[in-house]
Amino acid sequence: MKLIIATPSPYARKARVVLREKQIDFEEIVDVPWNRDTLTKNLNPLGKIPILIEEGKEPLFDSKIIVQYLDHVNQTPLMYPKDPLDNINARVIETTADGVCDAVVLVFLENSRKETLRSNDWIQRQEAKIYEGTKYLSDCLGTKKYFVDDHFTIADVCGFSCLEYLDLRFAKFDWRTEYPNLESYWHIHKGRQSFLETKPTAQIIEPLED
Ligand SMILES: N[C@@H](CCC(=O)N[C@@H](CS)C(=O)NCC(=O)O)C(=O)O
């Protein structure tokens, strides 16, 4: 298996962490999907990473679909819980954490534009999603060690990755002070091997022209 990733991407990180947790052999190929020479062409009509490539099979894209597929390939450990209620709860956390990251990406891109083209209303709209989404994650976690059912699931992959993505791309938000339970959670999980090996790092992207 090959996985096309970008080093800052929280969506690629989901697949990178899950492949490691399931101990599936794979090769990581680093791309910059925002650049003109991106590897995503002809592999994902949406032009986004992550993309999972397996010989003789159609490329798979979108982190949720890739993780669901990986749960079929190797059920141990299972990322989407079998119990219906736990499954929904895990997916709600996944969608919230991914949604916070979506808003962080949009703020980052808006701030990459020329100052005269930036919309402060748009930035504020996205920032509200970041703050409200993080509060929701904190409320759902409470004092627990894992988001769902005392097990490491996709909810933890996404929740933890979202917090470190905030550190990388939205550092003005001091979520550690605002939500001490999220800080404790981060301390509990920060030494996990799959997280240590996939810590997000910035990439240089071609500037947007207008
Ligand atoms: N819903 C997608 C989101 C993937 C995504 O937005 N990836 C970004 C990198 S962080 C990307 O490739 N963007 C390139 C573009 O939108 O042109 C997923 O979960 O895989």
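Descriptive notes on the structure:
- Extension gain (nm, one decimal) between D83 and K2, 0.36 nm per residue minus Cα-Cα: 26.1 nm
- Applying Stokes-Einstein at 4 °C and 1.567 mPa s to the Kirkwood radius of the stretch 1-119, computed over alpha-carbon pairs, gives a translational diffusion coefficient of 83 µm² s⁻¹.
- Euclidean distance of C-alpha centroids, the stretch 56-114 and the stretch 166-208, integer Å: 17
- Once the C-beta distance of E55 and I123 is scaled by a Förster radius of 35 Å, the resulting FRET efficiency is 0.20 to the nearest 0.05.
- The chain: Cα Rg divided by the 2.2 N^0.38 Å rule of thumb: 1.02
- A Förster radius of 25 Å combined with the Cβ-Cβ distance from T177 to V92 puts the calculated FRET efficiency at roughly 0.45.
- Backbone HN-Hα couplings from phi across the stretch 74-83 [Karplus 6.51/-1.76/1.60, Hz, Gly and Pro as x]: 8, 7, 10, x, 6, 8, 9, x, 6, 4
- Rounded D (µm²/s) - the stretch 84-192, Kirkwood Rh over Cα pairs, Stokes-Einstein at 20 °C, 1.002 mPa s: 149
- The distance between label points at I65 and I29 comes to 1.7 nm (points 7 Å beyond Cα on the Cα→Cβ vector).
Here, each number is a calculation from the coordinates, and none is a lab measurement. None of these values were measured; they are calculated from a predicted model. We place every Cβ from the backbone using ideal geometry, glycine too, and count neighbours over all the protein chains shown.
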